[in-house]
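These notes are about the structure you will find just below.
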Amino acid sequence: MSQTILEIENLSFGYSHEKKIFDNFSLTLKRGEIKAIVGPSGVGKSTLFELILGRLKAQKGEIKVATLSQVFQDPYSSFHPTYTIREQIADVTSMEGYESLLSQMGLEELHLDTLPHKLSGGQLQRCSILRALLMKPQLLLLDEPTSALDNLNQLDIMKLIVKHLEGTGVLLITHDQYLAQWCANEVISLT
């Protein structure tokens, strides 16, 4: 039986007591699974990640989470502007196995030795995903991870993430219903 890496039980949260974004929300994620959270802007998808990361405090309920890494929608906010990509990845990972992942992601060594603002949004997002995978998390939180990529690169990157699911589980936020249905074991719609 697969290990549970994320368990949310009876979560309640709202920015005001009158209007709750989550009311008794529960979710379980195991290693090797991908669950997708879909829904329009403003329904609480990113708020859920903030709760999982501990940046927001639930009003009620419990969140148990394994070691995690995350990829945010905006890759430019994920990197410090004055350090190279390599320095920032090496700061949080051992870099073990990076060469293989680098080529699979369509990146080259020179991309790692570049400052973030010198890369395109797509290149930088692939660097962000590279860093997250090299951290070898048990849980990978992906907030619109392919929105900065064209359709072909989106598919390639999601195939790469799916390929690395053996020791990991993925919670994916996306507006892309087709992407969610293609890769996820379960699609959870928030409205």
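The values are calculated or read from the model by the stated rules, or taken from the named source; none is laboratory data. These figures come from a predicted structure and were not determined experimentally. As a convention, Cβ positions derive from the backbone with ideal geometry for all residues, glycine included, and neighbour counts pool all protein chains shown.
Restricting to segment 63-72, count the residues that are part of a loop (DSSP other than H, G, I, E, B) and modelled with pLDDT of 90 or more. Residues meeting the conditions: 2. Condition check: part of a helix (DSSP H, G or I), among the β-branched types (Val, Ile, Thr) and modelled with pLDDT under 90. Does residue 89 satisfy that? Taking the combined requirement at face value, the residue does not satisfy it. The residues of segment 1-17 that are assigned to a strand (DSSP E or B) and either closer than 13 Å to residue 170 by Cα or not hydrophobic (A, V, I, L, M, F, W, C) (or both), listed by number, are 4, 5, 6, 7, 9, 10, 12.
Looking only at segment 18-62, which residues are within 20 Å of residue 178 (Cα to Cα), of a type in the set (D, E, K, R) and in a strand (DSSP E or B)? Matches in segment 18-62: 35 only. Is it the case that residue 80 is surrounded by fewer than 19 Cβ atoms within 10 Å (Cβ to Cβ), part of a loop (DSSP other than H, G, I, E, B) and at pLDDT below 95? No, not satisfied. Taking residue 25 as the residue in question, decide whether it is more than 28 Å from residue 166 (Cα to Cα), in contact (Cβ under 8 Å) with a residue 12 or more places away in the chain, of a type outside the set (A, V, I, L, M) and surrounded by 15 or more Cβ atoms within 10 Å (Cβ to Cβ). Against the criterion (more than 28 Å from residue 166 (Cα to Cα), in contact (Cβ under 8 Å) with a residue 12 or more places away in the chain, of a type outside the set (A, V, I, L, M) and surrounded by 15 or more Cβ atoms within 10 Å (Cβ to Cβ)), residue 25 does not qualify. Residues in segment 89-109 that are in contact (Cβ under 8 Å) with a residue 24 or more places away in the chain and farther than 15 Å from residue 123 by Cα were compared, and the one that is surrounded by the most Cβ atoms within 10 Å (Cβ to Cβ) is 98.
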